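Have a look at the structure below, then the notes.
Bear in mind that the values in this text are calculations on the coordinates, not laboratory data. Not measured: the values here are computed from a predicted model. Cβ atoms come from the backbone with ideal geometry, glycine included; neighbour counts cover every protein chain shown.
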Amino acid sequence: MASVYEIITDRIIKQLESGVAPWRKPWRVRGKNGLPRNLVTGREYRGVNVWMLLGTGFASPYWLTFRQARQLEGHVKEGEHGLPVVYWKFEKREVQDTDQLIEKSTVLCRFYTVFNVEQCEGLRVQPAQHTEQSPQPQPIETCERVVSDWQQKPTITLGGDIASYSKIHDLVRMPERESFESAEEYYSTLFHELAHSTGHPTRLNRSTLTNFERWGDSTYSKEELVAELSAAFLAGYCGIDGKTLTNSASYLANWLQALRNDSRMIVVAGSQAQKATDLILNVASALATP
């Protein structure tokens with residue numbers, strides 16, 4: 001039986017191989033129909049679930065389980081296939097340690113199959129038109145605000161021809177903006193490096209940043225994936241993803257082999273990227289729910 005990780009990974013690999021980068025979808029659909037959300041609870045999906053559901057092409061942002069469709073006196077159309085969404089559940093349990101009981105934290109990863117409302121019929125409650133109005137600031141102004149509003153950010157210096165993050169000095173180095181082909185690519189690169197900085201011990205203390213020993217090793221590769229996913233989240237939030245996708249395509253393709261070798265990578269990296277993005281946007285992290 002395929003694991004949760006394998007199901008998620010296979011779906012994303014197929015999208016990548018077909019030329020679709022699921023984490024580079026137009027996130028500004030929030031201002032039109034809204035990000036994918038559950039019809040019954042109204043909660044938006046998060047992390048890897050967003051990429052999975054945005055890549056399906058349905059116009060409606062509303063999803064629900066087979067059981068929820070039945071509860072609404074409707075049903076899933078014959079022949080329709082659902083998609084898995086990941087649900088993380090954090091629990092504590094008591095275990096025996098020598099002569100005493102101690103409390104131990106556990107994390108369960110489960111998945112639920114959901115269907116878009118367009119795959120259903122006869123639902124008693126039809127989803128209302130999503131009316132949330134997203135502000136329409138200039139994209140670059142939004143990028144500047146994201147950077148300036150982050151109070152925990154590292155030192156940022158401009159100059160030279162290298163974009164990098166030093167975890168020793170907690171310092172982001174960036175070439176001058178004029179060195180980039182476009183302002184959008186400048187901000188996308190800056191977001192990537194800022195995402196690395198979220199792993200610093202004074203912030204999220206992410207092991208993929210703190211523990212890697214050399215460029216290109218396994219831990220470094222996972223950290224690069226987290227940073228690129230985070231940059232994609234931020235690019236979508238600022239509305240510049242449409243102009244940065246081309247240069248990212250070849251970069252994303254390099255992860256296909258790594259994804260095949262570690263089926264857990266995309267789920268774990270997605271969770272870490274969500275935390276990194278939430279930290280930069282000053283948003284409290286929340287668990288993905290079905």
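Summary of values
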quantity: Likely footprinting exposure, K167, K14, fewest C-beta neighbours within 10 Å first; calculated: K14, K167
quantity: Whether the stretch 32-87 is rounded, prolate or oblate, judged on the alpha carbon gyration tensor where a/c under 1.5 counts as rounded; calculated: prolate
quantity: Two-site FRET efficiency, K89 against T202, from Cβ-Cβ distance with R₀ of 35 Å, rounded to 0.05; calculated: 0.75
quantity: Contour minus Cα-Cα distance for A163 and T219 (0.36 nm per residue); calculated: 18.2 nm
quantity: Cβ-based exposure ranking for C120, C238, C109, in which fewest neighbours within 10 Å come first; calculated: C109, C120, C238
quantity: Amide H partners (placed H, <5 Å) of H200, local residues excluded; calculated: N205, R206
